[in-house]
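Notes follow once the structure below has been shown.
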Amino acid sequence: MKTIIITGANGNLGSVVTKAFLDEGYRVIATVASVAMKQDMPSHVNLEVHVVNLTNEAETLAFLDTAISKHEKIDAALLLVGGFAMGSIETTTIADIHQQLSLNFDTAYNVVRPLFKHMLLHEHGKIVFIGAKPALEAVAGKPLIAYGLSKSLLFKLAEYLNEEAKGKGVVITVIVPGTLDTALNRKNMPDVNPENWVKPSALAEILKFAVSDTASVIREPVIKVYNNA
């Protein structure tokens, strides 16, 4: 049985992805941000849920040390935790940028640093970052300065890690989803056709492929999942 870490497992995307991987036969080590969120998670024999503040380096390291000691080998990780904020250059303060960096970059970096070391030791593993279109395209990013900047660091980090891992059986993928078809997005954008958006279940299938044995021959992947949005 393969073991996968899924951060942000209780979110609109995370809950769907967690179920998809449990249905696929994975052992899932999930993280959530509060005890209340943990209580909302489903019960499953192959699911363990941990309350972890991933913005805290020491707390994240302790969580990973425990997970690695218990399971010995982590096959993959999906780093789904993140946050979103509107704001152009006129309205975005440095505090706004720091907040988005904490949510979108620190939460990934604190996990990936010890996990990458573990995977290199075993010469096996897949890590997936969730990128964002505003980090790639200026026209999409100019009203989302702090968000776009924070997400842009994930692409560069993936480049550094993939260079370090060449020939060592470890691959870092950046998945770039378009607008997700969620109840909140439908409420906030009632005039937009949701059929053009990405369904969380469809994105879950892409994530399953990204960490599968089938994808083992792919290197340095950036996968854009935009649908027609």
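Nothing in this text is a laboratory measurement; each read-out follows from the coordinates by a stated rule. In this text the structure is predicted, and so the values were computed from the model without any measurement. For neighbour counting, all protein chains shown are included, and Cβ atoms are generated from backbone atoms with ideal geometry for every residue, glycine included.
Check the straight Cα-Cα distances from LYS38 and name the aspartates and glutamates below 14 Å, setting aside those fewer than 8 residues away within the same chain.
Reachable aspartates and glutamates: GLU48.
Taking loop as defined by DSSP and a crowding limit of 15 other beta carbons within 10 Å, which GluC sites (Glu not before Pro) in the range 52-123 fit?
The qualifying sites are GLU72, GLU90, GLU123.
Have a look at VAL112, THR214, PHE21 and report the one farthest towards the positive end of the charge dipole of the range 3-225, computed about the Cα centre with Cβ charges (Lys/Arg +1, Asp/Glu -1).
THR214
For the charge dipole of the range 3-225, defined by +1 on Lys and Arg C-beta atoms and -1 on Asp and Glu C-beta atoms about the Cα centroid, which residue among VAL139, GLY8, THR93 has the Cα displaced farthest towards the positive pole?
With unit charges placed on the Cβ atoms, the residue in question is VAL139.
I'd like to compare 214-225, 75-86: which one has the highest average count of other Cβ atoms within 10 Å, and what's the full order after that?
Highest mean packing first, the order is 75-86, 214-225.
Near LYS166, which lysines are there with a Cα under 28 Å away, not counting those fewer than 8 places off in the same chain?
LYS2, LYS70, LYS73, LYS117, LYS126, LYS133, LYS151, LYS156, LYS208, LYS224
Could you give the dipole magnitude of the range 39-171 about its Cα centre, charging the beta-carbon of Lys and Arg +1 and that of Asp and Glu -1, in debye to the nearest 20?
Approximately 320 debye in magnitude.
What does the C-alpha gyration tensor say about the overall shape of the range 86-212? Classify as rounded when a/c is under 1.5, otherwise prolate if a/b is larger than b/c, or oblate.
It is oblate, given that a/c is not under 1.5 and a/b is not larger than b/c.
Shape of the range 3-225 from its Cα gyration tensor (a ≥ b ≥ c, root eigenvalues): rounded if a/c is under 1.5, otherwise prolate when a/b > b/c, or oblate?
It is rounded, given that a/c, with a ≥ b ≥ c, falls under 1.5.
What does the charge dipole of the range 3-225 about its Cα centre add up to, to the nearest 20 debye, if the Cβ of each Lys and Arg holds +1 and the Cβ of each Asp and Glu holds -1?
Using Cβ point charges on Lys, Arg, Asp and Glu, the range 3-225 gives about 140 debye.
If a/c stays under 1.5 just call it rounded; otherwise compare a/b with b/c (prolate if a/b is bigger, oblate if not). Do that for the range 148-220, with a ≥ b ≥ c from the square roots of the Cα gyration tensor eigenvalues.
oblate
Mind ordering 34-41, 206-213 by average Cβ neighbours within 10 Å, highest first?
206-213, 34-41
By per-residue mean of other Cβ atoms within 10 Å, what is the highest-first order of 100-113, 182-195?
100-113, 182-195
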